[in-house]
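Novice: Questions regarding the structure given below will be posed in turn.
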Amino acid sequence: MKDLIDNLHDLHLKVGLPSLSKISAKSGKRTDDGYLSTSTISYVMTEPRLPNSHTMQRLVALLVEFAPAGSMDLDKTVIRFIDLWTVAARAETDPPPSLRVQELLKTGNAYLRLAEQYQKVERMAGRVFSQRTIANEWAYVAELSAPLLGDGHPVTVEARERAGAESD
């Protein structure tokens, strides 16, 4: 997502930093299809949430219109932003592993299994599953981690705490 926003800001800079009002005015009237309000433009360029693809493409096309004639290829620019948007969309649906999982992945096979299980439960907890199911999964993480890391290790302790909290 950061790459998408950074590239939008770079494009905005390359075309002379037109104001949001000018960009909005170039998009047409409020009643026109494809109209972008200043608040929508601001959202697309600043929010850490992914905008819809159509709105992002419309904004890119509008920004390219501010570039000096012939200095920017609209199709290539839009395709580049579609690619950036696709990467951001994939990252949003499959977020990177937490720091704890990244730490566990650096070690041997038994640790790899533990890391995979830990990551699975983190993902499950972010979706709609029964609290009992989540508690059982955290209990399994604790069961895997105790012999590898020890009963007092933060991963084991955390998994046991989460298993207890989820079952309440």
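The values are calculated or read from the model by the stated rules, or taken from the named source; none is laboratory data. What you see is a predicted model; the values in this text were computed from it and never measured. In this analysis, Cβ positions are derived from the backbone assuming ideal geometry, glycine residues included, and neighbour counts consider all displayed protein chains. Note: areas computed on protein heavy atoms with side chains; ligands, DNA, RNA excluded. Shrake-Rupley method; radii C 1.70, N 1.55, O 1.52, S 1.80 Å.
Novice: Step through the residues of the stretch 4-18 one at a time and calculate ³J(HN,Hα) from phi using the Karplus curve (6.51 cos²θ - 1.76 cosθ + 1.60, θ = phi - 60°), rounding each to whole Hz and writing x for Gly and Pro.
Specialist: Running phi through 6.51 cos²θ - 1.76 cosθ + 1.60 with θ = phi - 60° gives 4, 5, 4, 5, 4, 5, 4, 4, 4, 5, 4, 9, x, 6, x Hz.
Novice: Also, I was wondering about something else. Output the relative contact order of the chain, whole-number percent, from Cα pairs under 8 angstrom with separation of 6+ residues. Could you put the intermediate results ahead of the total?
Specialist: On the way: 151 pairs, mean separation 27.7, N = 168.
After rounding, I find 16 percent.
Novice: Also, quick follow-up: Would you list the P(r) distribution for the chain, with all Cα-Cα distances sorted into 10 Å bins from 0 and each bin expressed as a whole %?
Specialist: That works out to 10, 28, 19, 15, 16, 11, 1, in percent per bin.
Novice: Going by alpha carbons, how many degrees (0 to 90, nearest 10) lie between the helix axis of 74-93 and the longest principal axis of the chain?
Specialist: Its long axis makes an angle of about 20 degrees.
Novice: Also, I was wondering about something else. On a 0 to 90° scale, report how tilted helix 154-167 is relative to the longest principal axis of the chain, with both axes built from alpha carbons and the result rounded to the nearest 10.
Specialist: Compared with the principal axis, the helix lies near 90 degrees.
Novice: Then there is this: If we sort 114-126, 12-24 on the protection proxy, mean other Cβ atoms within 10 Å, highest first, what's the order?
Specialist: On the way: 114-126: 18.4, 12-24: 14.7.
Ranking, from highest mean packing down: 114-126, 12-24.
Novice: Mind putting a number on the dipole of the chain about its Cα centre? Charges go on the C-beta only, +1 for Lys and Arg and -1 for Asp and Glu, and I need it in Debye to the nearest 20. Before the final figure, lay out the partial values.
Specialist: Values: 20 positive and 22 negative charges, 88 e Å.
Charge dipole, the chain, about its Cα centre: 420 debye, nearest 20.
Novice: Highest mean first, what order results for 54-67, 31-44, 141-154 on Cβ atoms within 10 Å?
Specialist: Details: 54-67: 18.4, 31-44: 14.1, 141-154: 16.1.
Those peptides, ordered most packed to least, come out 54-67, 141-154, 31-44.
Novice: What does the net charge come to around Leu4 if you take all other residues with beta carbon closer than 13 Å to its beta carbon, with K and R at +1 and D and E at -1?
Specialist: Values: positive: Lys2, Arg49, Arg80, Arg90; negative: Asp3, Asp6, Asp10, Glu47, Asp83, Glu92.
My count for the surroundings of Leu4 gives -2.
Novice: Another question, then. Considering lysine pairs in the chain that are 8 or more places apart or on different chains, how many have Cα atoms under 18 Å apart?
Specialist: Details: Lys14/Lys22; Lys14/Lys26; Lys14/Lys76; Lys106/Lys120.
Count of close lysine pairs: 4.
Novice: Just check the stretch 1-92 against the gyration tensor rule for me: Cα atoms, a ≥ b ≥ c as the square roots of the eigenvalues, rounded for a/c under 1.5, and otherwise prolate or oblate depending on whether a/b exceeds b/c.
Specialist: Values: a/c = 1.61, a/b = 1.20, b/c = 1.34.
Since a/c reaches 1.5 but b/c is at least a/b, the shape of the stretch 1-92 is classed as oblate.
Novice: What's the carbon and sulfur percent of the chain's accessible surface, probe 1.4 angstrom, rounded to a whole number? The partial results should precede the final answer.
Specialist: On the way: 5320 of 9960 Å².
On the chain, the fraction of accessible area on carbon and sulfur atoms equals 53 percent.
Novice: Oh, and also: Toward the positive end of the charge dipole of the chain, about the Cα centre and with charges on Cβ (Lys, Arg +1; Asp, Glu -1), which of Leu84, Ile134, Leu36 goes farthest?
Specialist: Going by the Cα projections, it comes out as Leu36.
Novice: Out of residues 5 or more away from Gly28 or on other chains, whose amide H comes under 5 Å of its own, with H placed 1.01 Å from N in the peptide plane?
Specialist: Those qualifying (amide H under 5 Å, at least 5 residues apart or on another chain) number zero.
Novice: When the Karplus curve 6.51 cos²θ - 1.76 cosθ + 1.60 is applied with θ = phi - 60°, which whole-Hz ³J(HN,Hα) does each residue of the stretch 56-62 get, with x for Gly and Pro?
Specialist: With the stated coefficients, the stretch 56-62 comes to 4, 5, 4, 5, 4, 4, 5 Hz.
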